[in-house]
Amino acid sequence: RRIARVERRGKWFLFHLDAPLYLLLNLGMGADLFYHAAGEAPRAKHQMRIGLDDGSGFTCRFWWFGYIRVLSAEALEGHPETARLGPDPLSLSPAEFIAIARRFPRSNAKSLILDQERLSGIGNAYAHDILWMASIHPQRKLGTLSEEELTRYFEAIGKVIEHAHRLGGYEPDFFGQGGNMQTPERITFIGYREGK
């Protein structure tokens, strides 16, 4: 199949193939996802390998768990793991973010960004920094947060993600470059600093 384009939905990569078929890839708790050029040997350890016509391709080795799915267009519409995904918080306005938070007054502040059906794409490592930057206790009920606090919460999401992105993120890129897996405290404000 030909890969027409690739997009991200929450924590999922969605490869649009011809036919129409879709390859869905979720790296779970992390993975080595590496490209290899034509003539280069792919990484030895992997659970998935995709080869391209020119001899290049990529491999994926999940660290703990992950998901690979191949679906038709009809099956994609009803795919439970992606159909229920909430919006990407970086695509929202402050008012839209606040409206979502207001729908869950009895939920705690941390669950808002970890529940992928409410807001998608943010994991635990960044959630701590977001709440710390916003000066909001993770167990505080959303219904007790003022509009000013929710605005700070929303702004902290963008600041934390932009900071981590600027410093290369956690995992290496598709070509094995960058990333801060060995020094995660470099990209976090409070994460990975137990006892400090």
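The values are calculated or read from the model by the stated rules, or taken from the named source; none is laboratory data. What you see is a predicted model, and the numbers here were worked out from it, not measured in a lab. Cβ atoms come from the backbone with ideal geometry, glycine included; neighbour counts cover every protein chain shown. Note: areas computed on protein heavy atoms with side chains; ligands, DNA, RNA excluded. Shrake-Rupley method; radii C 1.70, N 1.55, O 1.52, S 1.80 Å.
How many percent of the accessible area of the chain is carbon or sulfur, using a 1.4 Å probe?
52 percent
Assuming R0 = 25 Å, can you tell me the calculated FRET efficiency for the pair Ser56 and Leu90, based on Cβ-Cβ distance, to the nearest 0.05?
0.25
Quote the charge dipole size of the range 1-62 about the Cα centre in Debye, to the nearest 20; the model charges only the Cβ of Lys and Arg (+1) and of Asp and Glu (-1).
Roughly 280 debye for the range 1-62.
Sequence neighbours fewer than 8 away in the same chain don't count; with that in mind, list the lysines whose C-alpha is under 24 Å from Lys11.
Within reach: Lys45, Lys110, Lys159.
If you average 1/r across every pair of different Cα atoms in the range 1-50 and take the reciprocal, what Kirkwood value do you get, in Å?
For the range 1-50, inverting the mean 1/r across all distinct Cα pairs yields 12.5 Å.
For an R0 of 22 angstrom, estimate the FRET efficiency from the Cβ-Cβ distance between Asn108 and Ile190 and round to the nearest 0.05.
According to the calculation, E is roughly 0.80.
Assign one of three labels to the range 78-171, namely rounded, prolate or oblate, based on the Cα gyration tensor with a ≥ b ≥ c the square roots of its eigenvalues; rounded applies when a/c is under 1.5, prolate when it is not and a/b is larger than b/c, and oblate otherwise.
Here the range 78-171 falls in the oblate category.
Applying the Karplus parametrisation 6.51 cos²θ - 1.76 cosθ + 1.60 with θ = phi - 60° to the phi angles of the range 99-106, what ³J(HN,Hα) value in whole Hz is obtained for each residue in order, glycine and proline being reported as x?
Those phi angles translate into 4, 5, 4, 5, 6, 10, x, 8 Hz.
How charged is the neighbourhood of Leu167? Take every other residue with its Cβ under 12 Å from the Cβ of Leu167, and add Lys/Arg as +1 and Asp/Glu as -1.
0
What does the charge dipole of the chain about its Cα centre add up to, to the nearest 20 debye, if the Cβ of each Lys and Arg holds +1 and the Cβ of each Asp and Glu holds -1?
Dipole magnitude for the chain comes out near 460 debye.
May I ask which residue of Ser91, Gly143, Leu76 lies farthest towards the positive end of the charge dipole of the range 33-159, with charges of +1 (Lys, Arg) and -1 (Asp, Glu) on Cβ and the Cα centre as origin?
The Cα lying farthest towards the positive end belongs to Gly143.
Is the C-alpha gyration tensor of the chain telling us rounded, prolate or oblate? Criteria: a/c under 1.5 is rounded; beyond that, a/b larger than b/c is prolate, otherwise oblate.
It is oblate, given that a/c is not under 1.5 and a/b is not larger than b/c.
Can you tell me the accessible area per residue over the range 60-196, all protein chains present, probe 1.4 angstrom, in square angstrom?
I get 57 Å² per residue for the range 60-196.
Between the range 127-196 and the range 57-95, what's the alpha-carbon centroid distance in Å?
Result: 22 Å between the Cα centres.
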